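Inspection log for the structure reproduced underneath, given as structure tokens.
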Amino acid sequence: MSLAASGGMSAGGAGSAGGGLMMAHQPQAMAAAMQQNQLPPGAEIPGSAGMGGAPTTIAALGADLADKSQLSLRQVKNVSHLPIVAVDMYASDPMVASFPPKPKDPDQSLQATLIGKFQAQVSFQPNETAHKTLRKYLSKDKSYDDLRKAALATPSTKDAVTIVKPHHWLGMRRLQDVPEYINASNPVTKESDDGSGAIAEEASQDSVHVTNGTLDGVSAPAGDDFDRVVYKLRLASSKKAVTILPEEANSLILTVAQTSVARTTIIEDDPTDFPLAIALPAWACHDTCLEAWMDSVQGAVFVQRSVAALCGTMQPGSSEKTPNKLLDRISTVTQALQKAHQKANDGTHFEFEPLVVLVGITSDGLECTAVQVSDVQNQIPSCLFGNYKVHCNVSCPTQDPMSKIEQCLTELYQQLDEVAPEVDGPIAFVPYATNKEQLAGVSKKLEKFKTRLESWEEAPVIPSRLDCVAIGTAVLGAVTHGRIATLITGLNNKPKVALAMRIRNVAPTAVGIKMSYKKDVWTPVKTIFDFDRCVPAGPYEIELSAAQCAAMLEVGAGDKLKWESKALNEAVEKALKDSIEGNQGIPKREAAALEFKIQVVQKMTREGEWTNVGDLTMPLIKVDESGDKEKQIGCERISLELSVNSTGVITQSLVGHLESVVQAVVSSRNSKLRYWIGILLAILFFGGFLVKSYWEEAVFEHDTKRLLAYYKHVMPGTMSDGDLQNARYLVWKYRGKKNKLWKRLEKKYEVAVRHEHEWEGYVVEGQEAEEEEEQNLDEEDEKEEPASKEEATEEPDL
């Protein structure tokens, strides 16, 4: 293993288009043209530049930041004093760059530094000592320093056993599923007749070969998700070959990259603790590959290689003699469009977000990406644009990437018109590669082919710098770790610290699902998340039901009736009503649930085939372990949720409670009973209050009329006669004890209290014509001495 460093070249050093932004005319031009619409974050924040009072700074807010979609705040804090190691592993000539540790006082002028090129391979000494040391290292009994001293070698070492590009095999389960371009570039591939890793080991006497194996390195492949493609290393002829996973070999190469960065610093920490940022091409951003990468390096940051290339291309130069052609092109186009807008004078606000088409090439493939940038940040040289919006990505892993340029560009042109029809043509084509021959070949191809694309022919071809991916990866890693931040306006116009770049990625792969209702019969793949879907995406919920499965089986879906046909849907609905639902369909639903299977699949390229992700699952089955033997029980229903994150990792989960079909029927019946009983109780409860309120109001009005009728016939012409408010008050005062009111009135006036309709024809004896003196019953009642203290407290005055 070796790392051939080419020197500590800074981010603004040699390159085909370095520098330029710091020229005397460019900052003013871009600020005048673009910041009219998009001011730098913090420009409108109270206390910032241009406002009165003390300026607000990132240091003053003292915030710790992290991109929580990839890292936790604790992980960021633990490595903030260490440099970030950025690795462009998939390049034809892999490169390493670094970003400085986080300073105590935030410094927005920090820039990435290129460390140099290195070889994506690891070599071992061919002796018994190396064999033993490697075994102990893999079992965690030896450290990396022990392995480096006793087992590792350089490729020039005589008879050295070398593993080349182990990252190609990351995520591979079986050799028969490996793409052709990987097999062609790895002549060490060998496979036993029956696919058994153990037999292949004994059959081959090669020092290194690749074969089918498993994660534990001992058991034989079983055709499930535990299978892995593994290396077999024979370091000593007298010993059995050592099994080493591609993830383990890959981590050794990354450790060399970390060590190379450690040599350029005075930090004494273990280089293996240095945080990593890794650029992945689109064809490697799928679930199995990402899973293997995350197993290989814990706490690493993963970025899409095309976005890293654009970020690296836009890094400022170190002098005015080497202008950055891409930034100069953006400035020129922006100024021209702004002048045309001012001349038109239509009263609208000037808006322009440049679109750049990137074409990246390696020895393993090609990818074309359309990215729109906005939000100029002249105060942050490493992140001149704060927003990156990826619209479309087309990739093609192949042995001959040059021959696929026209095909990929044509597809990108068509797809961009579909996903973003409102976007104008690109302002430039930016090819990127890690050697001059590839870069020159791509540039020449683009110059010829762009004339065939309508509205794209005027965009110039601006080759990027050779180290753009490594430098851009270091910058994006620093943004993820919160080492480059900016100020934005938060709620209530208060300043808030945010990451210096906001990147909206799209999915470079498609995710789907297929189902099986009976053995060896699968439905067509249903696409859940298609290419160019904004990520992260989901969760997408799919309801799975035993009744649906039974209906599919009964109508002969896939055999008698075509999938997704109208006749199939009608037949399924009829079967559900006739014989599937209810008690009579329990046996059918149980049998269908035991047969039902689902498989999550993923498509790596638009023209590629669907590949399985993980093992197939039987979601409608639960295992009963209460007896001596495990028993599978068919369940009624469950929901499947699928999500995909920004790096392409798929998450699937089952949501709900698994109930057997019989339990589900009972639960459904009980649920209906509880539902109707609940409704009845609610009606009785609230209806009771309604009836009670109505009855009390009716009784109150009846007693009021009864009291008014009493005054009218017993004390006609007095103030109480016809006094509705006084009558209502007395009835309210004696609520719940009306009999006492009636008895007091009878005792006082010696006339019985009658109902309103009983006063007809009644004449009070001895009634005189003259107006009687008004009597206040309340005052007279107060003068009366109560019979006892108990009566005084229980009976209020009239």
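The values are calculated or read from the model by the stated rules, or taken from the named source; none is laboratory data. Remember, it's a predicted structure, so these values are computed and weren't measured experimentally. Positions of Cβ are generated from backbone atoms using ideal geometry, with glycine treated the same way; all protein chains shown enter the neighbour counts. We work out accessible area using only protein heavy atoms, side chains counted, and drop any ligands, DNA or RNA first. Shrake-Rupley method; radii C 1.70, N 1.55, O 1.52, S 1.80 Å.
The residue list Thr332, Thr322, Thr348 contains one member that is assigned to a helix (DSSP H, G or I), of a type in the set (S, T, N, Q) and on the phi < 0 side of the Ramachandran plot, which is Thr332.
None of Ala546, Ala567, Ala575 is open to solvent by less than 60 Å² (accessible area, probe 1.4 Å), touching a Leu at 6+ places or on another chain (Cβ under 8 Å) and either farther than 22 Å from Trp522 by Cβ or touching a residue at least 24 places away in the same chain (Cβ under 8 Å) (or both) except Ala546. On inspection, Val229 does not qualify as in contact with a Ser or Thr (Cβ under 6 Å, 6 or more places away or on another chain) and either under 23 Å from Met89 (Cα atoms) or open to solvent by less than 20 Å² (accessible area, probe 1.4 Å) (or both).
I'd like to check something: does region 115-137 contain any residue that is in a loop (DSSP other than H, G, I, E, B) and under 29 Å from the mean Cα position of the chain (by Cα)?
Keep residues of region 115-137 that are in a loop (DSSP other than H, G, I, E, B), which gives 118-120, 125-127.
Adding the requirement that they be under 29 Å from the mean Cα position of the chain (by Cα) leaves none.
No, region 115-137 has no match at all.
When you scan region 340-347, do you find a residue that is touching a residue at least 60 places away in the same chain (Cβ under 8 Å), out of contact with any His (no Cβ under 8 Å at 6 or more places or on another chain) and not acidic (Asp, Glu), even just one? Within region 340-347 (the criterion being touching a residue at least 60 places away in the same chain (Cβ under 8 Å), out of contact with any His (no Cβ under 8 Å at 6 or more places or on another chain) and not acidic (Asp, Glu)), the answer is no, since none of the residues qualifies. For region 96-112, the set of residues classified as closer than 17 Å to Pro271 by Cα, touching a helix residue (DSSP H, G or I) at 6+ places or on another chain (Cβ under 9 Å) and not basic (Lys, Arg) consists of Val96, Ala97, Ser98, Phe99, Pro100, listed by residue number.
Evaluate the following for Leu327: is it surrounded by 23 or more Cβ atoms within 10 Å (Cβ to Cβ) and assigned to a helix (DSSP H, G or I)? Quick ask: steps written out before the conclusion?
Numbers: surrounded by 23 or more Cβ atoms within 10 Å (Cβ to Cβ): yes; assigned to a helix (DSSP H, G or I): yes.
It is true that Leu327 is surrounded by 23 or more Cβ atoms within 10 Å (Cβ to Cβ) and assigned to a helix (DSSP H, G or I).
Every residue in region 412-434 that is surrounded by 15 or more Cβ atoms within 10 Å (Cβ to Cβ) and part of a loop (DSSP other than H, G, I, E, B), please. Can you show your working first?
We begin by selecting, within region 412-434, every residue surrounded by 15 or more Cβ atoms within 10 Å (Cβ to Cβ); these are 412-413, 415-416, 419-420, 423, 425-434.
Once the filter is applied, which keeps residues that are surrounded by 15 or more Cβ atoms within 10 Å (Cβ to Cβ) and part of a loop (DSSP other than H, G, I, E, B), region 412-434 yields Ala420, Val423, Gly425, Pro426, Ile427, Ala433, Thr434.
Being open to solvent by 30 Å² or more (accessible area, probe 1.4 Å) and β-branched (Val, Ile, Thr) is a condition met by at least one residue of region 630-646.
Val442 falls short on exactly one of the conditions (1) under 18 Å from Pro354 (Cα atoms); (2) in contact (Cβ under 8 Å) with a residue 60 or more places away in the chain; (3) open to solvent by less than 10 Å² (accessible area, probe 1.4 Å), and that condition is (1). Looking across region 176-210 at every residue that is modelled with pLDDT of 80 or more and more than 21 Å from Ala284 (Cα to Cα), the one that is least open to solvent (accessible area, probe 1.4 Å) is identified as His209.
For region 713-750, enumerate the residues that are more than 17 Å from His702 (Cβ to Cβ) and assigned to a loop (DSSP other than H, G, I, E, B). Result: Met715, Pro716, Gly717, Thr718, Met719, Ser720, Asp721, Gly722, Asp723, Glu750. Considering region 351-376, the residues that are more than 27 Å from the chain's Cα centre (by Cα) and in a loop (DSSP other than H, G, I, E, B) include one that is surrounded by the most Cβ atoms within 10 Å (Cβ to Cβ), namely Thr362. Please verify whether region 437-447 includes one or more residues that are under 21 Å from Gly365 (Cβ atoms), outside any strand (DSSP E or B), in contact with a Pro (Cβ under 9 Å, 6 or more places away or on another chain) and at pLDDT below 90. Looking for residues that are under 21 Å from Gly365 (Cβ atoms), outside any strand (DSSP E or B), in contact with a Pro (Cβ under 9 Å, 6 or more places away or on another chain) and at pLDDT below 90, one finds none in region 437-447, hence no.
Of the residues that make up region 304-324, is at least one modelled with pLDDT under 90, open to solvent by 10 Å² or more (accessible area, probe 1.4 Å) and touching a strand residue (DSSP E or B) at 6+ places or on another chain (Cβ under 6 Å)? There is no residue in region 304-324 that is modelled with pLDDT under 90, open to solvent by 10 Å² or more (accessible area, probe 1.4 Å) and touching a strand residue (DSSP E or B) at 6+ places or on another chain (Cβ under 6 Å). Residue pairs whose Cβ atoms lie under 8 Å apart, sitting 6 or more positions apart in sequence or on different chains, and linking a residue in region 402-414 that is among the β-branched types (Val, Ile, Thr) to a partner that is outside any helix (DSSP H, G or I) and surrounded by fewer than 22 Cβ atoms within 10 Å (Cβ to Cβ), are Thr410/Leu453.
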